[in-house]
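To start, the structure itself, in structure tokens.
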Amino acid sequence: MSVYTVTTRTRASRTAFWGALILVAGLALAPLFVGRGTIQDLFFILTMLTLAQFWNLLAGYGGLVSVGQQAFVGLGAYALYGAVILYGVDPVVSILIAGLVAVVLAVPISVFAFRLQGAYFAIGTWVIAEVCRLSVAQWRAVGGGTGTSLPREAVAEMMLVPTIETALDVRASEARDILAYWLALILVVATIAGIYWLLRTRRGLALAAVRDNEEAARSVGVDAGRMKWVVFLTSAFGTGLAGGLIYLQKGRISPDAAFSVTDWTAYVIFIVVIGGLGTIEGPIIGVLVFFLLQSLFADYGAWYLMLLGLIGIGVMLFAPRGLWGLLSERTGIQLFPVRRRLAGGALKGREG
Amino acid sequence: MIGLDTLVQGVLLGGLYALFAAGLSLVFGIMRLVNLAHGDLIVFGAYLILVVVSVLGVNPFLAALVAAPVMFALGWLLQKVVLNRTLGDDILPPLLVTFGLSVVIQNALLESFSADSQRISMGALETASVDLGPVTVGVLPLITFASAVLVIVGLNQLFYRTAIGRAFRATSDDQVTASLMGIRPDRVFATATAVAMLVVTIAALYLGTRANFDPSAGPARLIYAFEAVIIGGLGSLWGTLAGGIIIGVAQTVGAAINPEWQILAGHIAFLLVLLVKPRGLFPQGGGR
Amino acid sequence: MTALLETRGLTAFYGDFQALFGVDITLARGETVAIIGANGAGKTTLMRAITGVLRSARDQILHAGTGIGHLPADTIMKRGIAMVPEGRRLFPSLTVEENLLIGAQHKGGRDLGDRIDSLFARLTGGPDPAAMAGDHDGSGHWSLETVYDLFPILRERRRSPGTALSGGQQQMVAIGRALMSNPDILLCDEISLGLAPVVIRDIYAALPRIRETGASVIIVEQDIGQALAVADRVYCMMEGRVTLEGRPDTISRDDIHAAYFGAAA
């Protein structure tokens, strides 16, 4: 009989589980209590968090530092607009199409990007995002370089919106925001749960091994290339979904906005770096800090962006594990523990 | 119809891209650091030259000569104070710090000079051209290309003919053993970035005099530079010139077909080379 | 009399792993000392600590009475302590001649870079290793010509890339490279490792000529016979400690066996 068990759970993680459940329930009920402006803010936070979790999966766990995730935001968003405008698909269903198109296009993109390593991968993904932006700008049916809006009819007849309108007694435009918000909540919960699950499976363990030492991982039979590919495609899918949802809510799109390196990659990198790279908790803290800074200083324009850049540099130089890393080092708390620990039994002596 | 003229323009444009790329290539070759702020530093250099021209009222070439030592010192400090701290086995810190730097430089320029596009005036030289038999080419593009060739010759001389170049190569090979030879790697890195900033100043001069620029022009220059380096093959400066020429020709040919395709054509040429020859056209050395 | 080089209670760590536990050795001027021991005994770690690749506390290593344990590798080299590293470590991008020249890169005195570093150190309040480089000026018997005289084959191969040479020739380049700075102290780490006996004999044949120029030498060897043949004194190390010290003619085979392998012979 073994007295040892391998566990990843901690007391904090059990508390966190129940806390998270209550938080999600509260967020789900939020539209009953708060106004439209707050719902839009929460939508922004949740979608940025989704993007940050997927970038973190790529860079923090997969070691794939991409500066081109805006490619999948834009491709997802444009797929949604294409499906709605050209084929009359319901916008909500089109969100799934956005994810699928992003993942399908990620296959040829990965063929190019994976020929480059490390730092060159980063700029390579940026080039590919530029190619996507310039190509989409040639697509006249969705407005070319100037962009387009979602057709009024399509939005008006969008599924679930009339139900929300009557149930909550709100106007159509507000009902659309509430629907988008709920979808964002579902997406972010599914994202965090999915990534947490992935990291706790054997595959997640393999991923950690690849990140720590690719040669060693390969020598124990982990197919590093395949793992990175899976991570890349997963991130593309999630980022595409988020992109579709974001532009469904915005109702208007242009290539420069949908493929913006600042909005969809620089901000996201900032969120992950400041919160703590390679942890699930990090991006959650990061997005809150980011939102706070944005609310306080966004009016200062260029000064605000300079501040973000300087904070990012400072954190990377002096606290490379981010705010969560500092907190976790001091307190030992892990809310989403993925590290396996030996529990039970008394460990006596130094060697066993 | 794509004429000889288009091709020549493309080749000369490639000289400009090679100038963008040479500094990036130098720094990567010595310390495996990819500076995501490289393009923004070029744009910064262009503003610096612009300021010198308007304050001192001197010719842009002379202004670049004034700007060069400033840029050299800035590069040395940047490496010594910031970037040296990020070097190591992990590729994330240098990438993220230089990405942050890129955001900072862009917005600092935006705050200081507004988003209006600027140009450094060369007077009559801007429109001057010479007749080279079947084609007529601008003098300024010709000077740019000649400068690119000179820069590459100069860097090769520095690398293979001087004690500094020897220290560059030794440190690039093996930092620990280099330090046993009395070489201080962080000083070598600071010197390398400072030298790269001299090349950046030259690139900035031609960026600013050949076309309009604004604070957001950096990332695109970084991308062209990067494409030229990858096409040429890592570690080969002449390869980088060839890479720049390929991007330049692809862009002018693309633009000749449809002006909207200029940038896209350059990127596609890069992706095609990446597909066919992932290690570039003129790769150096073994399986690094 | 102060020893030329001395370690006092030297400790060294790789992360949490302690590799040296209070090592005391001395090297007198003009002396040749051999350090023997099995793999993992801490010999190479000792060399890394002395050369500054691994930093230690200031007064754990004394050079002519001055504490140098905290100094970086390049400063220690400039003080006149040169190293022939284990595995030779030639620079693959450099030719044979360039590999030699890089050993003499430092000409002595403070150059512009040192002055900038000192100014920078003063402005930022950081340490200024350049100020500790001492007054070793790098001049002396050894130059490109005299190294080529010592190892004539290198003159023929001077334009080849360093790594294109045979193992023995590479070892000659590594020794020559260290000599080019005219060190007071030459540290040789496992110079016979992986070489054929006849090649080892050639390399060791150069040692007396190196000593004639006044250099003191520390040789790290696994080959006990070779070490005993050339050394004035021998230290034996095991598990990060010195287990035996003595003159080759006074220590017995059994003593060495015990110090080398631990178990009573």
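The values are calculated or read from the model by the stated rules, or taken from the named source; none is laboratory data. Because the structure is a prediction, the values reported are computed rather than measured. When we count neighbours, we look across all protein chains shown, and the Cβ atoms used for this are built from the backbone with ideal geometry, even at glycine.
Worth a mention:
- Note on segment B:167-204: residues that are in contact with a Leu (Cβ under 8 Å, 6 or more places away or on another chain) and closer than 21 Å to C:Ile81 by Cα total 1.
- Listing of helices (runs of 4 or more DSSP H) fully contained in segment A:3-106 that carry 1 or more residues being within 14 Å of another protein chain (Cβ to nearest Cβ): A:36-56, A:70-87
- Per-region count, segment C:1-43, residues exposed (fewer than 15 other Cβ atoms within 10 Å of the Cβ), in contact with a Gly (Cβ under 8 Å, 6 or more places away or on another chain), on the phi > 0 side of the Ramachandran plot and part of a loop (DSSP other than H, G, I, E, B): 1
- From the options B:Leu50, B:Leu26, B:Leu33, residue that is within 30 Å of B:Asp173 (Cβ to Cβ) and either in a helix (DSSP H, G or I) or without any contact (Cβ under 8 Å) to a residue 24 or more places away in the chain (or both): B:Leu26
- Condition check for B:Gly165: at pLDDT below 95 and not polar (S, T, N, Q): yes
- Filtered residues of segment A:110-128 (kept if touching a residue at least 24 places away in the same chain (Cβ under 8 Å) and facing chain B (nearest Cβ under 10 Å)): A:Ala113, A:Phe114, A:Gly118, A:Ala119, A:Phe121, A:Ala122, A:Ile123, A:Gly124, A:Trp126, A:Val127, A:Ile128
- Contact annotation: no residue pair with Cβ atoms under 8 Å, 6 or more positions apart or on different chains, pairs a residue in segment A:1-27 that is loosely packed, with under 10 Cβ neighbours inside 10 Å with a partner that is modelled with pLDDT of 90 or more.
- Residue in segment C:222-236 that is in contact with a helix residue (DSSP H, G or I) (Cβ under 8 Å, 6 or more places away or on another chain), modelled with pLDDT of 90 or more and surrounded by 20 or more Cβ atoms within 10 Å (Cβ to Cβ) present: yes
- Members of segment C:115-170 that are charged (D, E, K, R), out of contact with any strand residue (DSSP E or B) (no Cβ under 8 Å at 6 or more places or on another chain) and at pLDDT 85 or above: C:Glu145, C:Asp149, C:Arg155, C:Glu156, C:Arg157
- So C:Thr75, is it within 14 Å of chain B (Cβ to nearest Cβ), outside any strand (DSSP E or B) and farther than 22 Å from C:His106 by Cβ: no
- Matching residues, segment A:139-160, being among the hydrophobic types (A, V, I, L, M, F, W, C) and at pLDDT 85 or above: A:Trp139, A:Ala141, A:Val142, A:Leu150, A:Leu160
- When segment C:214-239 is limited to residues that are of a type outside the set (A, V, I, L, M, F, W, C) and in a helix (DSSP H, G or I), the one that is farthest from C:Leu27 (Cα to Cα) turns out to be C:Gly225.
- In the set (1) within 14 Å of chain A (Cβ to nearest Cβ); (2) surrounded by fewer than 17 Cβ atoms within 10 Å (Cβ to Cβ), B:Gly100 fails one condition alone, (2).
- Checked against the criterion of being closer than 23 Å to C:Thr163 by Cβ, among the basic types (Lys, Arg) and modelled with pLDDT of 90 or more, the candidates C:Arg89, C:Arg58, C:Arg29 yield just one match: C:Arg89.
- The C-beta contact set for segment C:136-153 (first residue surrounded by fewer than 18 Cβ atoms within 10 Å (Cβ to Cβ), second residue modelled with pLDDT under 85, distance under 6 angstrom, 6+ apart or interchain) comprises C:Asp137/C:Gly108.
- Conditions (1) over 13 Å from B:Gln79 (Cβ atoms); (2) within 14 Å of chain C (Cβ to nearest Cβ): number failed by B:Arg187: (1)
- Subset of segment C:52-72 (residues that are farther than 18 Å from C:Gln18 by Cα, within 14 Å of another protein chain (Cβ to nearest Cβ) and surrounded by 22 or more Cβ atoms within 10 Å (Cβ to Cβ)): C:Leu71
- Any chance B:Val97 is free of Cβ contacts under 8 Å to residues at least 60 places away in the same chain, touching a Ser or Thr at 6+ places or on another chain (Cβ under 7 Å) and either hydrophobic (A, V, I, L, M, F, W, C) or assigned to a helix (DSSP H, G or I) (or both): yes
- Just one residue in the set A:Val268, A:Val287 is at pLDDT 95 or above, surrounded by 16 or more Cβ atoms within 10 Å (Cβ to Cβ) and within 14 Å of another protein chain (Cβ to nearest Cβ); that residue is A:Val268.
- Of all residues in segment B:166-184 being farther than 19 Å from B:Asn156 by Cβ and assigned to a helix (DSSP H, G or I), the one that is farthest from the other protein chains (Cβ to nearest Cβ): B:Gln175
- Boolean, B:Ala211 is within 14 Å of chain A (Cβ to nearest Cβ) and surrounded by fewer than 24 Cβ atoms within 10 Å (Cβ to Cβ): no
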